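Right, one structure below, let's go through it.
The values are calculated or read from the model by the stated rules, or taken from the named source; none is laboratory data. Please read all numbers here as calculations on a predicted model, not as lab measurements. Neighbour counts are summed over all protein chains in view; Cβ atoms, including those assigned to glycine, are modelled from backbone coordinates with ideal geometry. Each accessible area value is taken on the protein alone, full model and side chains, heavy atoms only, with ligands, DNA and RNA left out. Shrake-Rupley method; radii C 1.70, N 1.55, O 1.52, S 1.80 Å.
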Amino acid sequence: MKTLILYYSYLGNTKRIAEMIHKEIGGDMARIETVVPYDSDYNKVVNQGQDEVNRGFMPEIKQMDISFADYDTVILGTPVWWYTFAPAMKTFLENNDFSGKTVYPFVTNGGWIGHTLKDIAAACKGAKVEPGINIKFDEDKLRTPEAEIKRWIQGIKKEG
């Protein structure tokens with residue numbers, strides 16, 4: 001099993017969870033980054049994010065130093081933006097072939113998950129999408145018990 005932990009993170013919460021997973025599982029890790037960075041003003045980004053999600057906008061993302069086709073297992077992390085995955089994640093999902101891969105999604109949010117996990121499953125055409133985990137934060141304070149996250153990670157390790 002060749003594993004990739006792939007994530008998009010705006011404030012750093014999703015990155016924090018990706019690093020936690022990487023420490024337990026190993027494999028390779030890559031971050032999705034937009035060519036044009038989002039503003040540092042959170043409220044501006046919230047409004048921009050709502051507009052982008054509503055329009056189905058896909059921002060240009062930077063080239064990554066990975067060959068996505070080489071991985072059979074992808075642990076996919078995104079913050080929830082307006083009840084779905086972040087637009088940067090949408091760009092990646094729309095432009096890559098998930099056929100034959102196993103995907104373990106995790107999502108971070110400070111409110112409601114919406115339909116994010118269902119949207120990820122629908123976007124990963126041809127993949128076997130395993131049950132994901134919803135990880136809640138209050139700003140940068142983790143609210144989901146760390147033991148719950150570690151149980152989910154252990155489930156991935158058992159599959160591998």
- Task: For residue 142 and residue 23, calculate 0.36 nm times their separation in residues minus their Cα-Cα distance, and state this gained length in nm to one decimal.
- Result: 41.1 nm
- Report, in whole Å, the centroid distance computed from the Cα atoms of region 63-105 and region 1-40. 11 Å
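Given +1 on the Cβ of Lys and Arg, -1 on the Cβ of Asp and Glu, and no further charges, what dipole in debye does region 53-95 carry about its Cα centre, rounded to the nearest 20? Please list the in-between numbers first.
On the way: 3 positive and 5 negative charges, 59 e Å.
Its charge dipole is roughly 280 debye.
Dividing the alpha-carbon radius of gyration of region 88-160 by 2.2 N^0.38 Å (N being the number of residues), what value is obtained? Provide the component values of the computation, followed by the final result.
Details: Rg = 13.3 Å, N = 73, 2.2 N^0.38 = 11.2 Å.
So region 88-160 has a normalised radius of gyration of 1.19.
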- Would you mind calculating the relative contact order of region 35-117 from Cα pairs under 8 angstrom and at least 6 residues apart, reporting the percent as a whole number? 32 percent
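Could you tell me what percent of the accessible area of the chain is made up of carbon and sulfur, with a 1.4 Å probe and every protein chain present? Kindly include the intermediate steps, with their values, before the conclusion.
Values: 3910 of 8520 Å².
Percent of accessible area from carbon and sulfur atoms in the chain: 46.
So how strong a dipole does region 107-160 carry about its Cα centre when Lys and Arg Cβ are +1 and Asp and Glu Cβ are -1, to the nearest 20 debye?
On the way: 10 positive and 8 negative charges, 53 e Å.
The calculated dipole for region 107-160 is roughly 260 debye.
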- Item | Fluctuation leader among 66, 32, 17 - the chain, Gaussian network, Cα springs under 10 angstrom | 66
- Task: Express the accessible area of region 1-125 per residue in Å², computed with a 1.4 Å probe while the remaining protein chains stay in the model.
- Result: 50 Å²
- Note on the structure: What the 5 Å binned alpha carbon P(r) of the chain shows, as percent of pairs per bin from 0, is 2, 9, 20, 24, 22, 14, 7, 2, 0
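Looking at region 1-105 only, what percent of DSSP beta bridges run antiparallel? Nearest 5 please.
Working: 3 of 17 bridges.
Rounded to the nearest five, the antiparallel share is 20 percent.
Would you mind calculating the relative contact order of the chain from Cα pairs under 8 angstrom and at least 6 residues apart, reporting the percent as a whole number? Mind showing how you got there, number by number?
Working: 280 pairs, mean separation 35.5, N = 160.
Computed over the chain, the figure is 22 percent.
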- Item | Choice from 36, 74, 45 with maximal GNM fluctuation in the chain (Cα, 10 Å cutoff) | 36
- Item | Net charge over other residues, Cβ less than 12 angstrom from the Cβ of residue 48 (K, R count +1; D, E count -1) | -2
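By accessible area of protein heavy atoms, probe 1.4 Å, what ranking do 39, 70 get, highest first?
Numbers: 39 65, 70 90 Å².
My answer, sorted largest first, is 70, 39.
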- Message: With the crude spin-label approximation of a point 7 Å out along Cα→Cβ, what separation in nm comes out for residue 51 versus residue 34?
- Response: 1.1 nm
- Task: Note down the magnitude of the dipole of region 43-160 about its Cα centre, charges +1 on Lys and Arg C-beta and -1 on Asp and Glu C-beta and zero elsewhere, to the nearest 20 debye.
- Result: 300 debye
- Query: Hey, got a sec? Which GluC sites (Glu not before Pro) in region 36-112 land in a DSSP loop and have at most 13 other Cβ atoms within 10 Å?
  - Reply: 60
